[in-house]
Amino acid sequence: MAVEAALYDVQHAECSDARPATHHEPTGIPVDDDNYVMFDKEIDCLGNDCQGSNMSSISHDAYDPERSVGYLTKRVFQLARIGLEPVFADEEITHIQWSALMALQHGVGGTAAELARHLCHDTGATTRILDTLEERDLIERSRCTTDRRVVRLSLTDAGRIVTDRCKEKVIACWDGWLADWPGEDVARFVGYLLRLRNTLETVA
(Lines give C-alpha, C1' and ligand atoms only; values in the text may rest on other atoms or scores of the structure.)
Protein backbone atom coordinates (compact mmCIF):
# COMPACT_ATOMS: atom_id res chain seq x y z
CA MET A 1 0.00 0.00 0.00
CA ALA A 2 1.33 3.42 -0.93
CA VAL A 3 2.29 5.71 1.92
CA GLU A 4 2.42 9.47 1.59
CA ALA A 5 5.86 10.70 0.70
CA ALA A 6 5.87 12.70 3.72
CA LEU A 7 5.84 10.62 6.21
CA TYR A 8 8.46 13.19 5.05
CA ASP A 9 6.90 15.02 7.83
CA VAL A 10 8.24 12.46 10.38
CA GLN A 11 11.69 12.66 8.84
CA HIS A 12 11.88 15.91 6.93
CA ALA A 13 13.77 18.04 9.46
CA GLU A 14 17.39 17.70 10.47
CA CYS A 15 16.72 18.43 14.17
CA SER A 16 15.18 15.85 16.46
CA ASP A 17 12.52 18.27 17.71
CA ALA A 18 11.28 19.25 14.27
CA ARG A 19 7.88 20.89 14.02
CA PRO A 20 5.51 18.49 12.24
CA ALA A 21 4.54 19.26 8.68
CA THR A 22 1.43 21.28 8.03
CA HIS A 23 0.44 19.56 4.81
CA HIS A 24 0.56 16.01 3.47
CA GLU A 25 -0.06 14.77 -0.04
CA PRO A 26 -2.00 11.48 0.02
CA THR A 27 -0.80 8.79 -2.37
CA GLY A 28 -3.17 5.92 -1.89
CA ILE A 29 -4.06 5.91 1.81
CA PRO A 30 -7.84 5.33 2.08
CA VAL A 31 -8.35 8.44 4.21
CA ASP A 32 -8.58 12.09 3.33
CA ASP A 33 -5.98 14.75 4.15
CA ASP A 34 -6.71 15.18 7.84
CA ASN A 35 -9.09 12.33 8.57
CA TYR A 36 -8.29 9.08 10.26
CA VAL A 37 -9.63 5.85 11.70
CA MET A 38 -9.05 5.13 15.36
CA PHE A 39 -7.55 1.92 16.69
CA ASP A 40 -9.91 -0.31 18.62
CA LYS A 41 -7.68 0.07 21.69
CA GLU A 42 -5.92 3.17 22.98
CA ILE A 43 -2.11 3.21 22.97
CA ASP A 44 -0.49 2.10 26.20
CA CYS A 45 2.15 4.77 25.64
CA LEU A 46 4.43 3.99 28.57
CA GLY A 47 3.61 0.36 29.16
CA ASN A 48 1.77 1.24 32.35
CA ASP A 49 -1.84 0.79 31.24
CA CYS A 50 -2.12 4.56 30.86
CA GLN A 51 -4.52 4.09 27.90
CA GLY A 52 -3.49 7.19 26.01
CA SER A 53 -5.40 10.04 27.64
CA ASN A 54 -5.31 8.76 31.22
CA MET A 55 -1.85 10.17 31.82
CA SER A 56 -2.25 11.05 35.48
CA SER A 57 -1.75 7.44 36.59
CA ILE A 58 1.68 7.04 34.95
CA SER A 59 4.48 5.93 37.24
CA HIS A 60 7.71 7.37 35.87
CA ASP A 61 9.63 4.62 37.66
CA ALA A 62 8.00 2.19 35.24
CA TYR A 63 9.26 4.06 32.16
CA ASP A 64 10.29 1.76 29.32
CA PRO A 65 11.80 3.31 26.15
CA GLU A 66 10.29 0.51 24.09
CA ARG A 67 6.83 1.78 25.12
CA SER A 68 7.68 5.48 24.91
CA VAL A 69 6.01 7.59 22.21
CA GLY A 70 8.81 10.15 22.33
CA TYR A 71 11.64 7.65 22.05
CA LEU A 72 9.96 5.51 19.39
CA THR A 73 9.00 8.42 17.11
CA LYS A 74 12.54 9.76 17.32
CA ARG A 75 13.99 6.31 16.62
CA VAL A 76 11.70 5.80 13.63
CA PHE A 77 12.81 9.18 12.27
CA GLN A 78 16.49 8.27 12.67
CA LEU A 79 16.15 4.82 11.09
CA ALA A 80 14.02 6.08 8.21
CA ARG A 81 16.55 8.79 7.40
CA ILE A 82 19.29 6.15 7.25
CA GLY A 83 17.07 3.90 5.17
CA LEU A 84 16.43 6.69 2.67
CA GLU A 85 20.12 7.45 2.09
CA PRO A 86 20.27 5.21 -1.04
CA VAL A 87 17.44 7.25 -2.58
CA PHE A 88 19.63 10.33 -2.72
CA ALA A 89 22.97 8.64 -3.39
CA ASP A 90 22.53 9.03 -7.15
CA GLU A 91 20.69 12.34 -7.03
CA GLU A 92 22.05 15.86 -7.18
CA ILE A 93 20.35 16.78 -3.90
CA THR A 94 20.41 15.65 -0.28
CA HIS A 95 17.51 14.52 1.84
CA ILE A 96 17.12 17.89 3.56
CA GLN A 97 17.30 19.69 0.22
CA TRP A 98 14.55 17.45 -1.08
CA SER A 99 12.50 18.24 2.02
CA ALA A 100 12.81 21.92 1.15
CA LEU A 101 11.69 21.22 -2.42
CA MET A 102 8.74 19.17 -1.18
CA ALA A 103 7.70 21.99 1.13
CA LEU A 104 7.72 24.46 -1.75
CA GLN A 105 5.84 22.03 -3.99
CA HIS A 106 3.06 21.76 -1.42
CA GLY A 107 2.82 25.44 -0.64
CA VAL A 108 4.71 25.40 2.64
CA GLY A 109 7.55 27.87 3.11
CA GLY A 110 7.03 30.46 0.40
CA THR A 111 9.81 32.58 1.89
CA ALA A 112 13.14 31.70 3.47
CA ALA A 113 11.86 32.55 6.95
CA GLU A 114 8.74 30.39 6.54
CA LEU A 115 10.80 27.52 5.18
CA ALA A 116 13.28 27.78 8.06
CA ARG A 117 10.44 27.43 10.57
CA HIS A 118 9.00 24.49 8.67
CA LEU A 119 12.35 22.67 8.50
CA CYS A 120 13.28 23.60 12.08
CA HIS A 121 16.45 25.22 10.76
CA ASP A 122 18.03 28.52 11.55
CA THR A 123 17.82 31.12 8.80
CA GLY A 124 21.52 30.86 7.98
CA ALA A 125 21.37 27.12 7.32
CA THR A 126 18.18 27.53 5.30
CA THR A 127 19.74 30.27 3.20
CA ARG A 128 22.66 27.98 2.37
CA ILE A 129 20.23 25.24 1.31
CA LEU A 130 18.38 27.69 -0.91
CA ASP A 131 21.60 29.05 -2.39
CA THR A 132 22.62 25.53 -3.42
CA LEU A 133 19.22 24.76 -4.91
CA GLU A 134 19.20 28.03 -6.82
CA GLU A 135 22.72 27.40 -8.16
CA ARG A 136 21.46 24.07 -9.49
CA ASP A 137 18.46 25.78 -11.11
CA LEU A 138 16.00 23.85 -8.96
CA ILE A 139 14.37 26.90 -7.36
CA GLU A 140 14.05 30.57 -8.18
CA ARG A 141 13.76 33.65 -6.04
CA SER A 142 11.56 36.56 -7.04
CA ARG A 143 10.52 39.82 -5.44
CA CYS A 144 6.92 40.03 -4.26
CA THR A 145 5.00 42.43 -6.51
CA THR A 146 3.12 43.99 -3.58
CA ASP A 147 6.05 44.18 -1.14
CA ARG A 148 9.50 44.41 -2.68
CA ARG A 149 11.10 43.56 0.66
CA VAL A 150 9.68 40.02 0.44
CA VAL A 151 11.48 37.40 -1.66
CA ARG A 152 9.25 34.55 -2.78
CA LEU A 153 10.49 31.02 -3.47
CA SER A 154 9.24 28.67 -6.17
CA LEU A 155 10.30 25.53 -8.00
CA THR A 156 11.69 25.64 -11.50
CA ASP A 157 10.66 23.06 -14.09
CA ALA A 158 13.87 21.18 -13.32
CA GLY A 159 13.10 21.40 -9.61
CA ARG A 160 9.68 19.86 -10.06
CA ILE A 161 11.17 16.98 -12.04
CA VAL A 162 13.79 16.21 -9.37
CA THR A 163 11.26 16.59 -6.56
CA ASP A 164 8.81 14.17 -8.17
CA ARG A 165 11.50 11.66 -9.08
CA CYS A 166 12.79 11.52 -5.51
CA LYS A 167 9.24 11.40 -4.16
CA GLU A 168 8.53 8.26 -6.17
CA LYS A 169 11.66 6.64 -4.74
CA VAL A 170 10.74 7.62 -1.18
CA ILE A 171 7.23 6.24 -1.62
CA ALA A 172 8.69 2.98 -2.92
CA CYS A 173 10.84 2.71 0.21
CA TRP A 174 7.88 3.23 2.53
CA ASP A 175 5.78 0.80 0.48
CA GLY A 176 8.47 -1.81 1.01
CA TRP A 177 8.81 -1.14 4.73
CA LEU A 178 5.05 -1.38 5.25
CA ALA A 179 4.39 -4.13 2.73
CA ASP A 180 3.17 -6.57 5.39
CA TRP A 181 0.92 -4.02 7.10
CA PRO A 182 -2.82 -4.27 6.39
CA GLY A 183 -4.17 -1.13 4.75
CA GLU A 184 -6.35 -0.44 7.77
CA ASP A 185 -3.30 -0.41 10.05
CA VAL A 186 -1.49 2.04 7.78
CA ALA A 187 -4.51 4.34 7.78
CA ARG A 188 -4.78 4.17 11.56
CA PHE A 189 -1.06 4.82 11.97
CA VAL A 190 -1.22 7.89 9.72
CA GLY A 191 -4.24 8.99 11.72
CA TYR A 192 -2.34 8.83 14.98
CA LEU A 193 0.55 10.77 13.45
CA LEU A 194 -1.87 13.46 12.28
CA ARG A 195 -3.47 13.58 15.70
CA LEU A 196 -0.09 13.95 17.42
CA ARG A 197 1.06 16.53 14.89
CA ASN A 198 -2.07 18.62 15.42
CA THR A 199 -1.60 18.52 19.17
CA LEU A 200 2.06 19.50 19.01
CA GLU A 201 1.35 22.35 16.61
CA THR A 202 -0.66 24.02 19.37
CA VAL A 203 2.40 24.17 21.64
CA ALA A 204 5.28 24.43 19.16
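Pairing each residue of segment 124-146 that is of a type in the set (S, T, N, Q) with any residue that is at pLDDT below 95 and outside any helix (DSSP H, G or I), provided the two are 6+ apart or on different chains, yields C-beta distances under 6 Å for S142/R152. For R188, indicate whether it is outside any loop (DSSP other than H, G, I, E, B) and modelled with pLDDT under 95. Spelling it out, it is not the case that R188 is outside any loop (DSSP other than H, G, I, E, B) and modelled with pLDDT under 95. Which ones in segment 120-149 are exposed (fewer than 14 other Cβ atoms within 10 Å of the Cβ) and in a loop (DSSP other than H, G, I, E, B)? Answer for segment 120-149, where residues must be exposed (fewer than 14 other Cβ atoms within 10 Å of the Cβ) and in a loop (DSSP other than H, G, I, E, B): D122, D137, C144, T145, T146, D147, R148, R149.
Figure legend. Inter-residue proximity from segment 60-78: first residues touching a residue at least 12 places away in the same chain (Cβ under 8 Å) and under 13 Å from L196 (Cβ atoms), second residues exposed (fewer than 13 other Cβ atoms within 10 Å of the Cβ) and not aromatic (F, W, Y), beta-carbon distance below 6 Å, spacing 6+ or different chains. Indicated pairs: K74/S16.
For segment 61-79, a residue qualifies if it is surrounded by 13 or more Cβ atoms within 10 Å (Cβ to Cβ) and not β-branched (V, I, T), and the qualifying residues are Y63, R67, S68, Y71, L72, K74, R75, F77. Has segment 151-164 got any residue that is part of a loop (DSSP other than H, G, I, E, B) and farther than 22 Å from L200 by Cα? Yes, that holds for at least one residue. Comparison of V87, V108 shows that the only residue that is part of a loop (DSSP other than H, G, I, E, B) and modelled with pLDDT under 95 is V108.
The values are calculated or read from the model by the stated rules, or taken from the named source; none is laboratory data. For clarity, every value in this text was computed on a predicted model and none was experimentally measured. Here the Cβ is made from the backbone with ideal geometry for all residues, glycine too, and neighbour counts use every protein chain on show.
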